[in-house]
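Engineer: Structure incoming, see below.
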Amino acid sequence: MVAGNINIRTLAAFDARSSVAIDSLVKEHKVEIQVFPDDVIKKLKEISQAVIAEEAKKDPFAAKVHEDYIAFQAKTAAWGNMTEKVYWNTMA
């Protein structure tokens, strides 16, 4: 319960501070924020998944955690696509 509470507080603080930081970068420092193209994001995802899987194989506990996490992602993906993804897409 405590870890969950800390996780929620950390994510909320991250979101709040990141928005302030981006605002400062754009308005005060004239930084032009750009988004990576979809093909770059897709390739980064592929590479990162491969590296994580490779690293997880080096330790039995890490392999178990990785396996459980992948299974959790598979179970929750449909819900996330119907809720979080839709919500954030409406915010753009």
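The values are calculated or read from the model by the stated rules, or taken from the named source; none is laboratory data. Computed from a prediction, not measured in an experiment: that's the story for all the values here. To get the accessible areas, we keep the full protein, side chains included, count just its heavy atoms, and leave off ligands, DNA and RNA. Shrake-Rupley method; radii C 1.70, N 1.55, O 1.52, S 1.80 Å.
Engineer: Using alpha carbons only, how many degrees (0 to 90, rounded to 10) separate the axis of helix 2-27 from the longest principal axis of the chain?
Structural biologist: So the inclination is approximately 40 degrees.
Engineer: What number do you get for the chain when its Cα radius of gyration is normalised by 2.2 N^0.38 Å, N = residues?
Structural biologist: The chain yields a ratio of 1.42.
Engineer: I'd like to check one number: the per residue accessible area of segment 26-92, probe 1.4 Å, reported in Å² as a whole number.
Structural biologist: Heavy-atom SASA per residue in segment 26-92 reads 95 Å².
Engineer: When you take every Cα atom in segment 30-77, what is the radius of gyration, and what is Dmax, the widest Cα pair distance, in Å?
Structural biologist: Cα radius of gyration and Dmax of segment 30-77 are 14.9, 48 Å respectively.
Engineer: Given the rule -39500 (n - 2.57) for each run of at least 4 DSSP H residues, summed and divided by the residues of the chain, what is its mean residue ellipticity at 222 nm, to the nearest 500 deg cm²/dmol?
Structural biologist: That calculation yields -28000 deg cm²/dmol at 222 nm.
Engineer: May I ask you to give the percent of accessible area on the chain that is carbon plus sulfur, with a probe radius of 1.4 Å?
Structural biologist: Accessible surface attributable to carbon and sulfur in the chain totals 65 percent.
Engineer: For K43, give me every one of the lysines with a C-alpha distance below 28 angstrom, ignoring sequence neighbours fewer than eight places off in its own chain.
Structural biologist: Candidates past the 8-residue exclusion: K57, K58, K64, K75, K85.
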